[in-house]
Amino acid sequence: MTELEAALAEFLPTQRWFAGKGRRVAEVRVESSVPLRTALPTLSAVVATVAYADGGAERYHVPVGHDRGLEARQLTDRVPDAVIYETKGPTGGPVYDAARDERLGGVFLDLLSRAATAEQLRFHRMPEWTGTLRGPGKLLSAEQSNSSLVFGNRLILKLFRLLEPGENPELEVTRALARTGFEHCPAPLGWIEGLGSTLGVLQRFYAGSVDGWKLATERVADHYESRDGDPRNFAEDAAALGRLTAELHAAMAGALPKVAEGQPDLGRLGARLLGQLSQVAALVPELADQRQGIEEVYAKAEAAGGGSRYLQRIHGDYHLGQVLKAPEGSGEPQGGAPVGRKGSGEPQGGAPVSRDRWLVIDFEGEPARSLEERRRLASPLQDVAGMLRSFDYAAFSPLVLGEELARFEGPAAAWIEANRTAFLDGYLGVAGDSGPTGGGDHELLLRAFELDKAVYEVMYEARHRPPWLQIPLGGIRRLLGASP
């Protein structure tokens with residue numbers, strides 16, 4: 001191995017976005033290193049293959065910077081964990097993850113603005129992007145599976161780390177939705193592709209936005225702290241999210257492939273559920289008592305003959321953290337003119353115009369699943385189930401580490417039910433009988449999908465966050481009809 005390859009074998013497992021945690025790295029091979037800037041600080045787009053001792057391999061995108069002198073020292077002092085290794089000699093200095101260097105983010109933006117080509121890499125620019133914004137790219141600290149650079153609070157460049165062959169769903173789906181005129185997700189303004197994968201996507205940034213998780217948990221806290229409590233204090237937003245979700249599914253069904261008859265999906269999911277249920281029940285004995293009830297719900301749903309009129313592309317990782325409430329006017333480029341679609345998010349049916357609008361983000365699907373699985377056609381009710389399970393988590397997250405869970409379980413259940421009802425009323429009011437859920441027992445199918453999601457959550461929490469295990473276990477009890 002080269003010096004860089006040996007250093008990457010040590011560096012990659014320490015990164016938040018590295019998917020192979022817990023697996024032993026056998027070796028790292030640099031597949032390609034494309035120079036994007038040759039003056040100091042230099043920048044190269046490195047694609048490296050990680051081979052594991054237990055078999056299998058993954059490809060990672062690592063923007064690599066190199067510098068020396070005072071600025072290099074300042075960088076390493078500020079973000080020591082960004083350093084991959086140090087070169088020696090009179091021209092020596094740190095080699096580091098360039099996403100952590102704000103100066104180098106501007107190189108990507110410049111290449112995108114010029115629709116440049118650099119060896120195997122191609123930088124694409126949409127005609128709608130007419131801005132001339134330049135400057136440093138600030139790394140968002142909240143990113144985990146990817147790295148996102150924000151420019152002037154107006155543009156965001158998502159750099160994909162774990163690479164899959166072919167077009168990334170984030171680019172594929174948002175381009176398709178933009179062509180339909182769907183106004184509630186960030187359209188791609190540019191993207192980077194090469195070496196058989198999508199390496200990054202440029203989109204509008206919505207300054208001042210708040211994600212649904214933060215807003216919902218704040219409302220939950222208000223509900224608990226007020227003397228009388230108001231379980232419907234998020235209901236207006238929940239209903240708006242329900243309407244938005246139905247509009248999203250309709251747009252995806254029109255823009256991307258779909259197939260009639262949802263029944264085969266239920267059989268496939270049923271087999272997965274039963275296998276997962278056996279595995280999780282062995283890991284978490286508390287689930288064993290609920291196993292028969294879960295299996296009965298799934299058998300009834302399958303026997304009922306569906307509930308999905310057709311299978312289609314869905315979001316695939318849908319929850320409160322994947323929606324943003326953005327102030328009107330945010331996300332506009334330099335100069336104030338909208339880029340691509342305008343974002344509205346206004347209520348339907350003659351309701352008062354809101355100054356805020358809801359947006360859907362992150363269409364990659366669950367990072368742990370293969371690209372083939374993330375692109376598989378599925379029932380839209382899986383997205384609905386994901387959002388409803390998210391309400392459960394929002395209601396109980398302020399309590400899970402405290403000692404007052406039993407005291408607040410009733411108010412939490414009331415908040416969940418109020419906002420669950422509002423969301424479903426909003427969703428079904430837009431989807432109607434002609435939507436993807438028409439023509440079957442959607443309530444039974446939805447409960448089966450929620451149980452499937454909750455069983456997965458039990459497995460995840462048991463392995464990674466034991467104090468949170470009571471949330472999905474309580475959700476399963478409620479879904480099976482137990483009183484709070």
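To the nearest 0.05, what FRET efficiency results for R78 and S370 with a Förster distance of 30 Å applied to their C-beta separation? Kindly include the intermediate steps, with their values, before the conclusion.
On the way: r = 37 Å, r/R0 = 1.22.
Computed FRET efficiency for R78 and S370: 0.25.
May I ask you to work out the translational diffusion coefficient for the range 1-153 at 37 °C, viscosity 0.692 mPa s, via Stokes-Einstein with Rh from the Kirkwood sum over Cα pairs, reported in whole µm²/s? Don't skip to the end; give the middle numbers.
Values: Rh = 16.5 Å.
It diffuses with D of about 199 µm²/s by this estimate.
Relative to the longest principal Cα axis of the chain, at what angle does helix 263-283 sit, 0 to 90 degrees, rounded to 10?
That helix lies at roughly 80 degrees to the long axis.
I'm spelling it out carefully: the read-out is Cα extents along the principal axes in Å, the candidates are (i) 66, 59, 43; (ii) 72, 53, 50; (iii) 80, 48, 43, and one was derived from this structure. Which label?
(ii)
Once you list every other residue whose beta carbon is under 12 Å from the beta carbon of M1, what net charge do they have if Lys and Arg are +1 and Asp and Glu are -1?
Working: positive: R29; negative: E3, E5, E10, E27.
Result for the local shell: -3.
For the range 14-164, what is the accessible area per residue in Å² when the probe is 1.4 Å?
Here the residues of the range 14-164 average 46 Å² of exposed surface.
Compute the signed sum of charges (Lys and Arg +1, Asp and Glu -1) over the other residues within less than 9 Å, Cβ to Cβ, of A48. Spell out each step's value before the answer.
Details: positive: R29, R59; negative: E5, E31.
Surrounding charge for A48 is 0.
Nearest 0.05, what FRET efficiency do S141 and T14 give at R0 = 22 Å with Cβ-Cβ as r? Please report the intermediate quantities before stating the final value.
Working: r = 16 Å, r/R0 = 0.73.
Once rounded, the FRET efficiency stands at 0.85.
What is the helix-to-structure angle for 381-396, meaning the angle in degrees between its Cα long axis and the longest Cα principal axis of the chain, kept from 0 to 90 and rounded to the nearest 10?
90 degrees
To the nearest 10 degrees, how steep is helix 169-180 against the longest Cα principal axis of the chain, on a 0 to 90 scale?
70 degrees
Straight-line reach only, C-alpha to C-alpha below 20 angstrom: list the lysines that K214 could link to, leaving out same-chain residues fewer than 8 apart.
Correct list for K214: K325.
How many angstrom lie between the C-alpha centres of the range 98-148 and the range 169-240?
Each part reduced to its Cα centre gives a spacing of 21 Å.
For the chain, what % of the accessible area comes from carbon and sulfur atoms, probe 1.4 Å? Intermediate values should be presented prior to the final figure.
On the way: 10330 of 20760 Å².
About 50 percent, which is the carbon plus sulfur part of the accessible surface.
What's the local net charge at E366, with K and R +1, D and E -1, over the other residues with C-beta under 10 Å away? Mind showing how you got there, number by number?
Details: positive: R369, R374; negative: D317, E364, E373.
Taking every Cβ under 10 Å from that of E366, the sum is -1.
Measuring from label point to label point, each 7 Å out along Cα→Cβ, what is the V259 to E417 span in nm?
Result: 4.0 nm between the two label points.
Need one value: the accessible area of E286 in square angstrom, 1.4 angstrom probe, rounded to the nearest 10.
100 Å²
So if each residue of separation counts as 0.36 nm, and I subtract the Cα-Cα distance between Y460 and R478, what length gain in nm does that give?
Extra length from Y460 to R478 when fully extended: 4.5 nm.
The values are calculated or read from the model by the stated rules, or taken from the named source; none is laboratory data. Because the structure is a prediction, the values reported are computed rather than measured. Positions of Cβ are backbone-derived with ideal geometry, glycine not excepted, and every protein chain shown enters the neighbour counts. Note: accessible area is taken over every heavy atom of the protein model, side chains too, but ligands, DNA and RNA are not part of it. Shrake-Rupley method; radii C 1.70, N 1.55, O 1.52, S 1.80 Å.
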